[in-house]
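The values are calculated or read from the model by the stated rules, or taken from the named source; none is laboratory data. Because the structure is a prediction, the values reported are computed rather than measured. As a convention, Cβ positions derive from the backbone with ideal geometry for all residues, glycine included, and neighbour counts pool all protein chains shown.
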Amino acid sequence: MSDLHTKLYMDSSLLNDKHLRKFFKYFFKKVLILSVSLLLLTVETSFGSTWGFWAHRRINRLAVFSLPPEMQYFYKKHIDYITENAVNPDRRRYAVVGEAERHFIDLDVYGDSALKILPKVWQAAVKKLGEDSLRKHGIVPWYIQTAAYQLTDAFKDKDSKRILRISADLGHYVADSNVPLHTTRNYNGQLTHQEGIHAFWESRLPELYAAEYDLWIGKAVYIENLTESIWSSVDRAHLASDSVFLFEKQLSEAFEPDKKYSYELRNNVLSRTYSQDFSLQYHSLLKGQVERQMKASISMVSDLWYTCWINAGQPDLSTLNDYIPDEKEKKAEAAEQRSWLQRLLHIRSESDN
């Protein structure tokens with residue numbers, strides 16, 4: 001056999017080697033996941049002032065400063081955890097079955113008298129409408145109640161880890177429940193030929209104007225009736241949805257398409273977005289709606305944390321141990337991140353052949 005034939009034979013043997021194939025498969029999966037992670041980080045940072053990850057983190061962070069001194073000692077010590085983990089529920093939407101419906105409720109599915117028809121307590125709602133139907137159209141007001149009860153129990157048990165985890169999650173769900181477009185099945189204008197309005201309202205507008213918002217809300221207050229307070233908040237958000245759609249449609253009729261949209265460079269990518277002129281006029285028509293809903297979120301988050309602490313008997317939080325994630329928890333978080341990316345990209349686990 002010639003030297004050339006020998007070399008070709010050896011190369012072919014290497015390529016057919018099972019272990020080598022598995023190595024390349026593993027290697028390229030890692031590269032792909034890392035690339036997507038960097039891409040998602042780039043997307044997040046490029047919209048650093050939006051009602052996306054930024055807003056959820058901001059809402060949780062500002063809510064801490066409205067707590068009484070007895071709670072601030074603990075929450076300020078862990079404010080970075082409360083802030084950074086405010087976005088965990090959004091990440092779980094792609095990784096955990098049953099998570100997505102905790103972020104919204106399609107009130108218009110139940111008609112104009114939805115708030116009179118819908119039982120405010122979960123067990124009664126399930127009995128009347130069935131769990132599958134409820135989950136299909138969103139369960140955010142019911143789940144906020146569940147999370148509040150869980151936080152109260154965590155305070156009673158003086159469990160630092162659960163207090164922080166549930167507090168961060170609760171802040172996220174409350175913020176979502178205060179977004180008008182999280183209370184309607186026409187959540188992105190897809191039913192009224194207004195596609196893109198969701199990101200416009202909760203991303204583009206805060207990106208341009210959040211620096212002007214006054215988000216100080218004063219001190220947290222005790223909520224006498226959690227159920228009624230939660231549902232009233234959702235009701236106010238839903239009532240605001242009419243103007244979200246109406247003003248956008250009216251303004252669109254007055255704008256030529258080339259004036260309504262513009263192109264902006266983000267991280268060296270030219271993206272089509274709503275023009276600054278259109279955004280300014282729309283934001284003015286809303287008369288502070290985005291700012292009001294953001295302030296309502298901060299207030300409700302702080303009030304809920306405070307109420308849960310009161311209902312737990314006002315435990316002394318200064319005696320709680322500092323919470324530092326151990327290696328097991330760090331690995332679990334990393335696994336959750338991988339699961340999120342795998343579901344997002346339909347990537348099989350590394351153990352699959």
Can you give me the number of residues within region 78-111 that are more than 19 Å from ILE230 (Cα to Cα) and over 23 Å from the mean Cα position of the chain (by Cα)?
-> 1
Please identify the pairs in which a residue from region 100-124 that is touching a residue at least 24 places away in the same chain (Cβ under 8 Å) and within 19 Å of TYR149 (Cβ to Cβ) has its Cβ atom under 8 Å from the Cβ atom of a residue that is among the polar types (S, T, N, Q) and assigned to a loop (DSSP other than H, G, I, E, B), counting only partners at least 6 apart or on another chain.
-> ILE105/THR183
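Looking at region 184-196, which of its residues are buried (at least 20 other Cβ atoms within 10 Å of the Cβ) and under 17 Å from the mean Cα position of the chain (by Cα)?
Keep residues of region 184-196 that are buried (at least 20 other Cβ atoms within 10 Å of the Cβ), which gives 184, 189.
Within region 184-196, THR184 is the sole residue that qualifies.
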Give region 189-222 a look and list any residue that's in contact with a helix residue (DSSP H, G or I) (Cβ under 7 Å, 6 or more places away or on another chain), closer than 19 Å to PRO257 by Cα, of a type outside the set (Gly, Ala, Ser) and part of a loop (DSSP other than H, G, I, E, B), or say none.
-> THR192, GLN194
Within region 202-227, residues loosely packed, with under 12 Cβ neighbours inside 10 Å and within 30 Å of PRO119 (Cα to Cα) come out as TYR222, GLU224, ASN225
Residue satisfying all of: in region 256-310; in a helix (DSSP H, G or I) and of a type in the set (Lys, Arg); surrounded by the fewest Cβ atoms within 10 Å (Cβ to Cβ) among these | LYS259
Filtering region 170-197 down to residues that are free of Cβ contacts under 8 Å to residues at least 12 places away in the same chain and of a type in the set (D, E, K, R) yields GLU195
LEU226 passes all but one of (1) more than 29 Å from ASP277 (Cβ to Cβ); (2) modelled with pLDDT under 95; which number fails?
-> (2)
